[in-house]
Every structure is written in C-alpha cells, then in structure tokens.
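Asker: Quick one: this structure, given as structure tokens, is what I'll be asking you about.
Any read-out appearing in this document is the output of simple, stated calculations on the displayed coordinates, not a laboratory observation. Not measured: the values here are computed from a predicted model. Positions of Cβ are backbone-derived with ideal geometry, glycine not excepted, and every protein chain shown enters the neighbour counts.
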Amino acid sequence: MRHHIRRSKRKFLSPTAWKVRLVFWAGATMVGLVCAALAVLADHANGAFMAMARQYPYLPLLVTPAGMVGIAWLTNRFFPGSQGSGIPQAIAALQIPGKAAILSLRIAVGKFVLVLLGLLAGGSIGREGPSVHIGASIMFSIGRLVRFPPHYMERGLILAGGAAGVAAAFNTPLAGIMFAIEEMSRSFEHRTSGIVTVGVVLAGVTALAILGPYHYFGVISTPQAPPTQVWPAVFLCGILGGAAGGLFGALLVGGSERIAPIARRAPLRVALVMGLVLALVAFLSGYAASGTGYGEAKAILNGSAAYDPWYSLNKFVATIASYLTGIPGGIFAPSLATGAGVGSDLAHWFPVAPASIMILLGMVAYFSGVVQSPLTAFVIVIEMTAEKDMLLPLLATAFIAYGASHLVNPRPLYHTMAHAFIGSRGGKGNSGAGGRSKNNDDSDT
C-alpha cells in the first residue's frame, strides 16, 4: 500500500506529467478563446448580412449563390475535410488511423474563417458544430506536438476538445460533457472522464471570462400550468416535433448520399444550385431563414415575435440547402430555431397548453429528433434557457421525440455521416459530409 502511494506521488510530481498537464490546460484554454472569438465574430457576420439584406433586399439573391460557390471553392482547394458541421469528422477521428487529415490546425483555421464567410453570405448555419471540430483539432494538434501519452492521444484529447467546443460555444458545460458521452463516444471511459471534464471546465471558464455570464436564449420563464395541460403538450410536441426532426435528418443524410457522386465531380455546380435554393427561400422569408436563427428563436421564446406560419418550414429548407452546398457550417443553432418555430406552430394549431410551454417543448423535441441524443438535447435546452420548472416534461419530451424520430429516420444523423465519411476515405483521402474532396495527408503519429 505504501509502495503504491509513493509511486502515485512520484507520478504526480513527475516533470513529464506536469508538462503534459500544463500543455493540456493551455490547449483547453485556447479552445475557449477561439470559440468565444468565433461566437463574437459570428454575431457580427450575421448582423452584417442582415443589414445588407434590409437595405438592399434583392442583392442577396446574387450574393448568397456567389458566396456559396466561392466558399465551396476555398473549402475544396485549401481546406478539404472542413465541410459541413465537423461533428462527423470528430466522431470519425475516434475510429480511423489518419486523424491528421481531418484534425489539424489548418482545418481549425479554415473552419473558423469559412464559417464566418458563410454567415456573411447568408447561409443558414451555426457555429456550434464547427466549434466541436475546431476544439478537437486544436487539442489533437497539441497532443501531436508534445507527444502526449497514448491514452491522451487515443480518445481523450478529441473528446475533450469536442466537448470543450460545445461548452464554450453555448456556455453549457454540462451539455459539453453529455455531448462527449452520448454523441461522440457513445460511452464514458474512466481513463478519459477526467480529461473531458477538465477540458470543458477550462474552456468554459475562458469563454465565460470573455463573453460574461449569460444564458444563450436568456432566462425563459414559463407559466404554471396543470398536468392536464402540460402532459398532453408533452406527447403532442414529442411525437410531432420528433418526427419533424427525424424527417430533417433523413433528408439531410439522403440528400448528402445522393449529391455526393455529383459533388465529387462538380462541387461548385452543386454549391451554385443549392445556393440559389437558399437565396430564394431566404428572400421569400424576408431573410428570417438566413443566419444562425438565434435572434428569431429568442424572440419566439420570449413571446416578442409575431406568429409566422412559414418560419419553421423556411428555416428547415434553408438549413438543408446550406448544408448541401458543402460549405463549413453547423446545424445546432438553426435546428433550435426551427424547433422554436415548430413549437409555435403546434401552439397555434393545437393550443392544449400555454404557448410558451409548447414552444419550449417543441424546441427540445425537434432538436432531439434531429440529433437523436435526447439527454444532450435536454441538457442543452435547460442550460440555454435557465428553465427550472419544466425539467421532467422537457426530459420526457426529449425521449418521446427520440422514439418518434427513430421511426422516421432509423439512422442517427452524425454517426451515419461519420460512417459514410470513413467509408468514402477508404483509408485515404478526405471528405466533408458527402465525400467531396481528397487529401493525401494520412499520417498519424
């Protein structure tokens, strides 16, 4: 026993161990800094596009398709592997040997810049999925530079970086940990649990120091309602919202699979066609369907937005079109915005409970249906809205939505795309959501 204690003390005080710890802590802090910077700049980019659209409402009909083509060219020419959300790449990196081709500082820089350009061009994209990719890339690259021990290299750095990206992007530390457990690894190993937790805490604290204490959608307070109103709303929103989220996932996966062969031959042509679809939908929506959807979702949640029966459908289509262009960009924030719209629609069509309750339930249901990770969806919505009175209904809705989504789309969105990504590589090359480009950098040390 004493020998074991002395050995543990020597290991704890080892200069090599402290070098690993300090570099890891620096990496997690860097993830927080980068994700906080992305959050600030993304808001500015989104605001700049909306200001242009308000002043020159027809100009985005040219800017958006041209922007999608330009960003797709930059992506395929200089940053292959940065396409799409980035979460499938982070998941795939846990299973393939050639991690350096999809997790690198070059990819992180490209993801950062191209997401901002996508928002400037009017894409219906989010920064949270890219934050996962950026976080995993930074942590993995640091591990390669300092030669971390094998258990850090295998899973810990990637999981910690991805979880830290979620925590810093949304200011949701618990959701970051839950995301690493439920979505990225589908398990929680003892040897990586401490790494993930420390990474999330450091990245979250760093982002909090820059952005200040805040809840993503503000503090949402729902009125007290009797169970006879709340639970019918839980089942209604869970089933219909989850099915809508499952449909979104099915269309995104199916569309990516069908477009992939064309995109490999003519990626710019695909970007142009999808960019035209995006521009048209955005124009018809008064550009409410453009951008992250953060402002629209917040207005719907706090009751300050006028009811728009077409908002959820417009955002649904715009997000699919944006993803299929092949540009870097996530679907977390747009899905939360679409979910708020779905909840508003259900409150309008079937007013079984107060509208604010149904909007919140619709948001968690649709998001759970899209990602098919009910605990992650539940924790994210709770942390983003600071809602404490609806814990059980929101949790039940998330799981009902997961079941409804699975009936519509039996293939989990991110893991299906990750497996397609691995298959398209064939041990070599690189691709985004649909195997679009190649990269021969397949080394891993």
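Asker: Taking loop as defined by DSSP and a crowding limit of 13 other beta carbons within 10 Å, which chymotrypsin sites (Phe, Trp or Tyr not before Pro) in the range 31-100 fit?
Answerer: Passing both the DSSP loop test and the Cβ count: Tyr58.
Asker: Could I have the simple spin-label model distance between Asn302 and Val205, label points 7 Å from Cα toward Cβ, reported in nm to one decimal?
Answerer: Between Asn302 and Val205, the simple spin-label model gives 3.0 nm.
Asker: So, R0 is 60 Å and r is the distance between the beta-carbons of Leu59 and Arg21; what FRET efficiency does that work out to, to 0.05?
Answerer: 0.70
Asker: Taking the C-alpha atoms of the range 15-215, how large are the radius of gyration and the largest Cα-Cα span, Dmax, in Å?
Answerer: Here Rg and the maximum Cα pair distance are 17.2, 62 Å.
Asker: Something else now. With N residues in the range 47-122, what two-decimal value do you get for its Cα radius of gyration over 2.2 N^0.38 Å?
Answerer: 1.32
Asker: How big is D, in µm² s⁻¹, for the range 81-151 by Stokes-Einstein at 37 °C and 0.692 mPa s if Rh is the Kirkwood radius over C-alpha pairs?
Answerer: Answer, rounded: 264 µm²/s.
Asker: Can you tell me how much longer the chain between Val219 and Ala51 gets when fully stretched, taken as 0.36 nm per residue apart minus their C-alpha distance, in nm with one decimal?
Answerer: Between Val219 and Ala51, full extension yields 57.8 nm more.
Asker: Ordered by packing density, taken as the mean number of other Cβ atoms within 10 Å over each peptide's residues, highest first, how do 277-284, 378-385, 40-47, 332-339 rank?
Answerer: Peptide ranking by packing, descending: 332-339, 378-385, 277-284, 40-47.
Asker: Give me the distance in nm between label points sitting 7 Å out from Cα along the Cα-to-Cβ direction at Phe350 and Leu407, one decimal.
Answerer: Going by the 7 Å Cα→Cβ label model, 1.2 nm.
Asker: Once the piece of chain linking Leu145 and Arg77 is laid out straight, how much longer is it, given 0.36 nm per residue of separation minus the C-alpha distance between them?
Answerer: 21.9 nm
Asker: Hey, another quick one. How far apart, in nm, are the 7 Å Cα→Cβ label points at Val40 and Leu174?
Answerer: Label at Val40, label at Leu174, 2.9 nm between them.
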